[in-house]
Structure formats: C-alpha cells, structure tokens
Amino acid sequence: MLAAEPAVVQPLLARWFDDERPLPATPEATVATAAQALLHTHRRRGLDELTEVLVGCAHGRADELLGVLAEEEPSAVCRAVDRWAHDERPARRVAAVAYGLRAAPHVRTEADRELLRYAAEFLLGRSADSTLHGGALALLVRDPHTRAHHLPQALRHFAAGDPNSRRAPWPPRSPRTPNRSWRPSAPVCTDRTRARRSAPSPTWRPRPS
C-alpha cells in the first residue's frame, strides 16, 4: 500500500513514531523504527509528500529522517525549503532555515542551489523574520553567486553571536582561498545533541540492504 498510495499511508506510519513496542520477529527493532525504515525504503514514491508529512510531525524521529533525506535526497529537501520559506506559518519558515542548512553541504546542482538561494533571500527580506536572518545569511555565504554581496552582513551577525550564522563555513571559501573541509561548529553539535535527547532513541540511520 505504501508504494501504491504514499500520500495516504505515509501519515499513518508517522503516527507510529511514539510506539516503542518491540517487533516479535526482530526484538531489537520497534514499531517506531520499523515505521522510519518503511518510510525511508519507499521514499522515492512520494518524496515531496514525505517531507511535508515529516515536517508536520514535530517529532524527533521525523527530524532524524529529514536529516537523512537532507543527505541522500537533497533535491527533495531543497524543494521543501523553497515551499516552507514562502509559507505563512512561522514554524514552516523556521524549518526552511533549519533544513536548508542541513541540505546545503550535500547540494550538487545549480537548480538546487537556486532554490536555497531564493528561499534565503526571501526570508532575509522579511523584517518579521529577523531571528531567521542569521541562518538565511549562512546559506547565502555558501553560494558563490551571493557570497560577496552578503558577506559583510553575515560577518556582523557572526560577530554578534547569532547561532545560525555560525552554521556557515567560516571563513567562507572563495576561488582564492584553499578548499578545506567544513566541520559543524559547536551550535550545530548542540542542536543535534538536543534533537537526539528529545527523540525516543539514538539518531536513526537506515540499515544497509
């Protein structure tokens, strides 16, 4: 049913994220982890629908799965970020920044970079979303098309201690600077640790098939 009607079945599986009963056949797994695994395995049937189901859950397991999708399916997450940035619900705009930053290191196509760029610029233009501006700037300084223009403002946010601005690669790379691997700063690790503590189990990763 999940493969045939993902939009119908995905929300039903997400309701099992709190169910910690062990599965009789595999006691090390629970109903909740099985739900995560099923959603991940059959994600290609309805990626856009799945991102919407997960962001609507506001659950630690949904966050875990969205984090995996940011790595494995960055195009789908970038599309979601573009939708959420223009959503009138504040929680969706917060999600746009959070998952845009998680997807950004895994983006490989110009189309995906454009989606993140336009979402960040839209949020930066909203004075009511000033708490999201640091994250929007962190996305824009990753983008070679917008880095130079937004770098001074991003540095001001960084110096002021904006935790989201610290999720950009510092110093931002340019064609004249050596290519170095970016590592998450302390605020990112803190965010991830907090998410793991709020989730029913350690960060879930899909098992190799």
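The values are calculated or read from the model by the stated rules, or taken from the named source; none is laboratory data. These figures come from a predicted structure and were not determined experimentally. For accessibility, only protein heavy atoms count, side chains too; no ligands or nucleic acids. Shrake-Rupley method; radii C 1.70, N 1.55, O 1.52, S 1.80 Å.
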Show the residues, 5+ positions off or on another chain, whose built amide H is closer than 5 Å to the amide H of residue 30. 23
With all protein chains present, calculate the accessible area of residue 162 using a 1.4 Å probe and round the result to the nearest 10 Å². 30
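Given the Cα-Cα distance of residue 1 and residue 149 and 0.36 nm per residue of separation, how much length would full extension add, in nm?
Details: separation 148, 0.36 × 148 = 53.28 nm, distance 4.90 nm.
Taking residue 1 through residue 149 to full extension adds about 48.4 nm, to one decimal.
What is the gain in length, in nm to one decimal, between residue 21 and residue 109 on full extension, counting 0.36 nm per residue of separation less the C-alpha to C-alpha distance? Numbers along the way, then the final one.
On the way: separation 88, 0.36 × 88 = 31.68 nm, distance 4.13 nm.
Gain on extension, residue 21 to residue 109, equals 27.5 nm.
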